[in-house]
1. Where Lys and Arg each count +1 and Asp and Glu each count -1, what net charge lies around A65 among other residues with Cβ under 12 Å from its Cβ?
2. Could you work out the local net charge near R269, counting Lys and Arg as +1, Asp and Glu as -1, over the other residues with Cβ closer than 12 Å to its Cβ?
3. Looking at V77, T24, A112, which one has the Cα that reaches farthest to the positive end of the dipole of the chain (charges on Cβ: Lys, Arg +1; Asp, Glu -1)?
4. At 7 Å along the Cα-to-beta-carbon direction for both Q274 and V167, put a label point, then send me their distance in nm to one decimal.
5. Placing +1 at every Lys and Arg Cβ and -1 at every Asp and Glu Cβ, with all other atoms neutral, what dipole size does the chain have around its Cα centre, in debye to the nearest 20?
6. Among 121-130, 17-26, how do they line up from the highest to the lowest mean number of other beta-carbon atoms within 10 Å?
7. Hey, what number do you get for the chain at 222 nm if only DSSP H runs of n ≥ 4 count, each worth -39500 (n - 2.57), divided across all residues, to the nearest 500?
8. For region 1-87, which whole percent of the accessible surface, found with a 1.4 angstrom probe, sits on carbon and sulfur atoms?
Amino acid sequence: MPRVTALPTEPPIAVFDSGVGGLTVLHECLVSLPHEDFLYLGDTARFPYGNRSAPELRGFAFELADILLEHGAKLLVVACNSATAAALPDLREHLHGRVPVVGVVKPESRRAADVTRSGAVGLIATPATVASGAYERALAGASDGAARLTSVAAPDLASLIQAGGEVDQVTVDCVERACAPLRAAAVDTVILGCTHYPLVRPILQRALGRGVEIVTSGQAIAAEVEAELERDGLTADPHRRGMYRFLSSGDPDEFRRLGTRFLQLPVARVGHVQVAPAPAGTVAA
Ligand code: DGL
């Protein structure tokens, strides 16, 4: 049996999100790649992203990426669906020749194209993600045009999940409203296009029906990150035990309190980073 040791730090894989939701993606990465170091940045000061404009989200993504590169990141994961949908191609260009960038939309779309039997696929996501059309394009590419996407924007669901300790009837009603058009479209596969939704997966599965396949970003992303590291020769020593750390643009104690529920692993030290304030006049519902 190879010995597992904690070795000196490696350049981390950096992950960013609008807040704590991307910890559902980090969770899968930590399980799949236990030998890697991770640095997670949650932009809790400007959460939620889901009602913001694409240019604003691109600005946030560039700013957070630059902070993470200053911390020595070797690869960047955009765990936030709204930020990926708005910013991924531009962000890749911005970071070209510096670090590879992995986002959440394509890996989920490929998985949905693989698992759907009827070609009728559903998406539940924030208004920003739905408005971007990113999932339509990715699913069309992944299925050679064979799959059809029915999209539902859920403006309040992420905030409700984040606020809720216990699951309550308000959340159940919100999930039921989002699922009704998908049931009407007889989809057999549903993409959860927002980092928060895996936390209410049982409610979603009950509303959609047992036969509907739910696709989340976490597992698909972990496989994509692994492949990207191998392609670029960036993989850490597989015999070491990696570390993970956190940065938050909001209150570190609040991040720790909320984060444990999303990560389902201990959230120890959380550092603070300063980001630009959200421009005046933008909606942060
Ligand atoms: N991470 C965001 C997303 O996946 C959560 C929702 C939000 O910030 O509005 O879109």
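The values are calculated or read from the model by the stated rules, or taken from the named source; none is laboratory data. Not measured: the values here are computed from a predicted model. Positions of Cβ are backbone-derived with ideal geometry, glycine not excepted, and every protein chain shown enters the neighbour counts. For the accessible areas, the whole protein counts, side chains as well, though only heavy atoms, and no ligand, DNA or RNA atoms are used. Shrake-Rupley method; radii C 1.70, N 1.55, O 1.52, S 1.80 Å.
1. Around A65, the charge tally is -3.
2. On the way: positive: R245, R256; negative: D253.
Residues near R269 contribute +1 overall.
3. Going by the Cα projections, it comes out as A112.
4. 4.2 nm
5. 400 debye
6. Per-residue mean Cβ counts within 10 Å order the peptides as 17-26, 121-130.
7. Taken over the chain, the calculation gives -13500 deg cm²/dmol.
8. Heavy-atom surface of region 1-87 belonging to carbon and sulfur, 1.4 Å probe: 58 percent.
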